[in-house]
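The values are calculated or read from the model by the stated rules, or taken from the named source; none is laboratory data. Here the structure is a predicted model, which means the values were calculated and not measured. Quick reminder, even Gly has a Cβ in these numbers, built from the backbone with ideal geometry, and neighbours come from all protein chains shown.
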Amino acid sequence: MNPVLQNIKVVLVGTLYGGNVGSACRAMANCGLSELRLVAPSPDLTWAFAEQMAVHATGILEARKTFATLDEAVADCAAVVGTSRRGGLYRQHSSDPREAVPGLIETAAAAPVALVFGREDKGLTNEELLRCTHVVKIPSSPKCPSFNLAQSVVLLCHEFYRASLGPGPLPSPEEEVSPPASSKMRQTMLAHWREMLLETGFTDEARATHMMEGFGRIFARGAKTEADMRILMGAARQFRWAAGRRP
């Protein structure tokens, strides 16, 4: 059992159909992944059909974890990878999975990584994408650009499986002095920065969400570890303290 692949968590948000859940389990088993997390699945989801489609991966289905919110589902994850077909606000900086996966595999050698898939009918919301450190868009034909949910799970999981095979040994978790920061810690840091930017007058409430999307993207490219997050939180607290002392 590949310990790196065991750190890849598949997260399905607001899933509507049991067939897609079961098919996702089978895709995970094909690619050496084992942990499925569901966020607020539809109450009408047919579990019998999910079991039927899982085939030999019913163990993954039975061991699934269910959460009320995306924040809870990814709290322990150092990287959160959102999937999106659409363009527009918060989605224009998406990358090809094949470009993003090698770096994410390195992260998974030391800490959990979440692969987040949205609803069958409308995908992930902008607010949910703000919780992601990475956004990927699977290349497809412009004539038929949208993949089925289960197909998307197959394609992205297989990219991780391929990357886990080589070409060289993966870095050891002990090589990092500070462990990768969790999603929960990252959100705490971003909350500190939001308050600091408001208190110092750098932005206002009307523009704060858009501003934080930009800062979140910047931090995701460079700040990865718990030590990074502590420095950024400390800076934000100090800036807020200084702003409060202004005459």
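Laid out as a table, the results:
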item: Of all residues making up the stretch 16-51, the number that are surrounded by 22 or more Cβ atoms within 10 Å (Cβ to Cβ) and β-branched (Val, Ile, Thr); result: 2
item: Condition check for residue 55: more than 19 Å from residue 115 (Cβ to Cβ), touching a residue at least 12 places away in the same chain (Cβ under 8 Å) and either out of contact with any Cys (no Cβ under 7 Å at 6 or more places or on another chain) or crowded, with 17+ Cβ neighbours inside 10 Å (or both); result: yes
item: Filter pass, residue 116 being under 21 Å from residue 213 (Cα atoms) and aliphatic (A, V, I, L, M); result: yes
item: Among the candidates 69, 107, residue that is under 25 Å from residue 127 (Cα atoms), of a type in the set (Ser, Thr, Tyr) and loosely packed, with under 14 Cβ neighbours inside 10 Å; result: 69
item: Sole exception among (1) part of a helix (DSSP H, G or I); (2) in contact with a strand residue (DSSP E or B) (Cβ under 7 Å, 6 or more places away or on another chain); (3) of a type in the set (A, V, I, L, M) for residue 57, by number; result: (2)
item: Contacts under 7 angstrom Cβ, first residue in the stretch 205-217 being touching a residue at least 60 places away in the same chain (Cβ under 8 Å), partner loosely packed, with under 15 Cβ neighbours inside 10 Å, 6 or more apart; result: 217/93
item: Single residue of the stretch 182-211 satisfying the filter (part of a loop (DSSP other than H, G, I, E, B) and at pLDDT 85 or above) that is nearest to the chain's Cα centre (by Cα); result: 182
item: Residue in the stretch 38-52 that is in the same structural domain as residue 148 (by TED's automatic domain parsing) and closer than 17 Å to residue 112 by Cβ present; result: yes
item: Test result for residue 129, buried (at least 21 other Cβ atoms within 10 Å of the Cβ), free of Cβ contacts under 8 Å to residues at least 60 places away in the same chain and not polar (S, T, N, Q); result: yes
item: Counted residues, the stretch 19-60 - those being of a type outside the set (Val, Ile, Thr) and under 24 Å from residue 105 (Cα atoms); result: 17
item: Residues being in contact with a strand residue (DSSP E or B) (Cβ under 8 Å, 6 or more places away or on another chain) and closer than 19 Å to residue 159 by Cα - total across the stretch 21-54; result: 6
item: Among residues of the stretch 118-133, those that are assigned to a helix (DSSP H, G or I) and over 11 Å from the mean Cα position of the chain (by Cα), counted; result: 2
item: Any chance residue 93 is within 16 Å of residue 134 (Cβ to Cβ) and modelled with pLDDT under 95; result: yes
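Conditions (1) in contact (Cβ under 8 Å) with a residue 60 or more places away in the chain; (2) in contact with a Pro (Cβ under 8 Å, 6 or more places away or on another chain); (3) outside any helix (DSSP H, G or I), marked per residue:
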position	(1), (2), (3)
4	yes, no, no
9	yes, yes, yes
28	yes, no, no
48	no, no, no
51	no, no, no
